[in-house]
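Beneath this line is the structure, given in structure tokens, with notes to follow.
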Amino acid sequence: MEKKLILVSAPPASGKTYVSMKLASALKHVVYLDKDTLVPLSNVAFNVANEPNDREGPFFEKYLRDVEYQVILNMALEALRYDDIVLINAPFTKEIHDPSYISSLKKELMDEYGAHLCIVWVICSIEVVHERMIERNSPRDTYKLADWDKYVKSQHFEIPENIKDPDDPYSLILFNNNSDAEFKESIKKTVALLEEKDNG
């Protein structure tokens, strides 16, 4: 089986973490990485800089956001030296909507590691996301729910079709997650593709 770096992306409350964990459990020879593991380090930076712990604010965006992504990516690249598949649970929202970033990462992966870049985009309707966000009742969602329409406009709910390559089945893997039935069908198809069972 060829090496693969899998990025699982989606707007908040689409089920990204659940899908990531279930995919990692179903795949063989996989290393699972979650960017949230780095949150404690960023919290130290907030404290040292005497800044409010706001992961949506200007301090985080300017000094911490890109560093977190680069660190988790560096960890993934190192892990690819030792196993076949590395799956990162992290939105990569800005990066996934930047074709030049994706193209550059694809080239680095193939040239340096002989690995494919696989983008799994979790599809979940705005209505279902809203319901799930209310159900999980997390403090991090308070401001989102308080002005829901404004929050929705600030997010990328649209499928990043600009990165789809008709010659590359891994370029954009759509994972439907509006219901249990959709999830079961999607995970079956996605695991088969990633383990190359559909490729003969």
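The values are calculated or read from the model by the stated rules, or taken from the named source; none is laboratory data. Since the structure is predicted, the reported quantities are computational estimates derived from the model, not experimental observations. Neighbour counts run over all protein chains shown; Cβ positions are idealised from the backbone, glycine included.
Brief remarks on what is shown
- Scanning region 154-177 for residues being without any contact (Cβ under 8 Å) to a residue 60 or more places away in the chain and under 17 Å from S20 (Cβ atoms) gives a total of 4.
- Some residue of region 155-164 being at pLDDT 95 or above and either small (G, A, S) or within 21 Å of L5 (Cα to Cα) (or both): no
- Residue list for region 153-190, restricted to those being part of a helix (DSSP H, G or I) and charged (D, E, K, R): K153, E161, D180, E182, K184, E185, K188, K189
- Residue list for region 5-33, filter: charged (D, E, K, R) and out of contact with any strand residue (DSSP E or B) (no Cβ under 6 Å at 6 or more places or on another chain): K22, K28
- When K106, K150, K94, K144 are checked against the criterion of being closer than 27 Å to A26 by Cβ, part of a helix (DSSP H, G or I) and among the charged types (D, E, K, R), K106 stands alone in meeting it.
- If the condition is being modelled with pLDDT of 85 or more and in contact with a Pro (Cβ under 9 Å, 6 or more places away or on another chain), then region 129-143 contributes V129, M133.
- Identity of the residue in region 1-40, within 26 Å of E112 (Cβ to Cβ) and over 17 Å from the mean Cα position of the chain (by Cα), that ends up surrounded by the most Cβ atoms within 10 Å (Cβ to Cβ): K3
- The sole residue among V86, V19 that is aliphatic (A, V, I, L, M) and assigned to a helix (DSSP H, G or I) is V19.
- Of everything in region 136-174 that is of a type in the set (F, W, Y) and touching a Cys at 6+ places or on another chain (Cβ under 9 Å), the residue that is surrounded by the most Cβ atoms within 10 Å (Cβ to Cβ) is Y170.
- Residue within region 57-76 that is outside any helix (DSSP H, G or I) and either of a type outside the set (A, V, I, L, M, F, W, C) or surrounded by 12 or more Cβ atoms within 10 Å (Cβ to Cβ) (or both) present: yes
- Single match in L38, L87 (criterion: in contact (Cβ under 8 Å) with a residue 24 or more places away in the chain, of a type in the set (A, V, I, L, M) and under 26 Å from D168 (Cα atoms)): L87
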